[in-house]
Amino acid sequence: MVHLLNAIDDLLTPWFHDHGQGKYRVGQVRQWLFQQRASNFSEMTNLSQSLRDELSRDFTIWSATVAKHTQADDGTEKLLLTLADGGQIECVLLRDEVRRTICISTQVGCGMGCVFCASGLDGLSRNLTTGEIVEQMLRLQSLLREDERLSHIVVMGMGEPLANLDALLPALAEATREDGLGISARRITISTVGLTKAMRRLAETTPRYRLAVSLHAPNDELRQQIVPVADKIRIADVLAEADNYFDLSGRQLTFEYVLLGGINDSPREATELVNLLAGRTAILNVIPYNPVAGLPYKTPSHNAQRAFRQILEQGGVSVHFRHRKGDAIDAACGQLRRRAQSEAALVGIDARVGEGEGGRGGVS
Ligand code: SF4
């Protein structure tokens, strides 16, 4: 079965032609997928029954299944999706006043190894396909009430987005198309730990989106401890590519800084950050750490957060402390997946105990 969301137009145009149908049929299917939020061909009632049956035989709209759907009191909803090959990813819908933001994943696991992150704990399994990325958007859109509309996309879920640009860019093109989700490119933010070659490629080919560069430390020595991949990428080079992206795109840059208690939250690091970001038209998002089970990192104290913020503000940095939404549902990247896997592993252990030594292994 072919996953339609991988290349909707390229798959449907020849298919309808072979079935004696005009190209306008592609637009009808797109309308059902993106505007009517259809999840199967049988809903597409302006196509004949035989066409719907044949489409269902040749294509699938969903390639994943929902393993878990959690909701928090603040309106945040999170999906844990099981992919066709058994891999699992997470995606999140955030409600904030009139904003409806979705946060999507680009890889199963992550190879960047940021020490505080649940997604990277088991390394990278594989890149997602374009269809799997678009599917997250549509599944999250289908959680909205009829009177709600998606307004923003942040590509900040599981994985390093710039390590999977080949699949991500066509997916984002679907998000911005008028006959797709119709979301303005300036409302789409791609995050990166600072893969400089890919930043250059994005700047030269598609400088339409906002870029969020994860710093997490103001100097190379500390950054290498927090973001291991940074031992090959100097902060100066990352900032040079970020500046280049800003020049070509005109989009205000964002820098992300996960504030880890006792690690990167001292006045010294705040002062270094001021010096680093001075003169840049950029926003610094500071995210006080959300503890992950099994990892030793702590949320910084309120005093440390206050002092850190004060130094940045006095230094003229445009700083936002980001609220943690959806704490009750493991909203930090990779946490729901890990919890589901450890629960599944426990079930597997229980099953083995019940079945004796010849029983099935863990099911994670
Ligand atoms: S924080 Fe992002 S880049 Fe770092 S390991 Fe986690 S998913 Fe990967």
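Can you give the relative contact order of the stretch 184-309 as a percent, counting alpha carbon pairs under 8 Å and 6+ residues apart?
About 25 percent, as a whole number.
Work out how much length E204 to Q310 would gain on full extension: take 0.36 nm times their residue separation and subtract the Cα-Cα distance, in nm to one decimal.
Contour length minus Cα-Cα distance gives 34.5 nm.
Please give the contour-minus-distance gain from D220 to A278: 0.36 nm per residue of separation, less the Cα-Cα distance, rounded to one decimal in nm.
Difference between extended and current length: 19.1 nm.
Do you know the relative contact order of the chain, to the nearest whole percent, from alpha carbon pairs under 8 angstrom that are 6+ apart?
With pairs under 8 Å counted, the relative contact order is 14 percent.
Anything in the chain that counts as a DSSP H helix reaching 20 Å or more along its axis (C-alpha) with Kyte-Doolittle mean of at least 1.6? List them, would you?
Counting only whole DSSP H runs, no helix qualifies.
Divide by every residue of the chain the summed helix terms, -39500 (n - 2.57) for each DSSP H run of at least 4, and state the resulting mean residue ellipticity at 222 nm, rounded to the nearest 500 deg cm²/dmol.
Taken over the chain, the calculation gives -11000 deg cm²/dmol.
Can you list residues from other chains, or at least 5 along the same chain, whose modelled amide H is less than 5 Å from the amide H of E160?
Sorted by chain and number, the residues that satisfy this are G111.
Starting from the amide H of S125, placed 1.01 Å from N in the peptide plane, find each other amide H under 5 Å away whose residue is 5 or more places distant or on another chain.
The list, which skips near neighbours in sequence, is V108, G109, C110.
Amide H to amide H, which residues 5 or more places from V154 or on other chains are under 5 Å from it, using H placed in the peptide plane?
I102, C103, I104, T189
Order by neighbour count: S184, S39, fewest other Cβ atoms within 10 Å first, most last.
Lowest to highest Cβ neighbour count: S184, S39.
Where a ≥ b ≥ c are the square roots of the eigenvalues of the C-alpha gyration tensor, would you call the chain rounded, which needs a/c under 1.5, or, failing that, prolate if a/b is larger than b/c, or oblate?
Here the chain falls in the oblate category.
Considering only DSSP beta bridges with both partners in the chain, what is the antiparallel share in %, to the nearest 5?
45 percent
Need the full-extension length gain, V115 to N46, defined as separation in residues times 0.36 nm minus the C-alpha distance. One decimal, nm.
That pair, V115 and N46, stretches by 19.7 nm at full extension.
Apply the a/c threshold of 1.5 to the C-alpha gyration tensor of the stretch 75-162 and tell me whether it is rounded, prolate or oblate.
Verdict is prolate for the stretch 75-162.
Filter the trypsin sites (Lys or Arg not before Pro) in the stretch 88-165 down to the DSSP loop ones having no more than 16 other Cβ atoms within 10 Å, then list what survives.
The qualifying sites are R145, R149.
Every number in this text was worked out from the coordinates using simple rules, so none of it is lab data. Source: prediction; values computed, not measured. Heads up, the Cβs are rebuilt from the backbone with ideal geometry, glycines too, and the neighbour counts pull from every protein chain shown.
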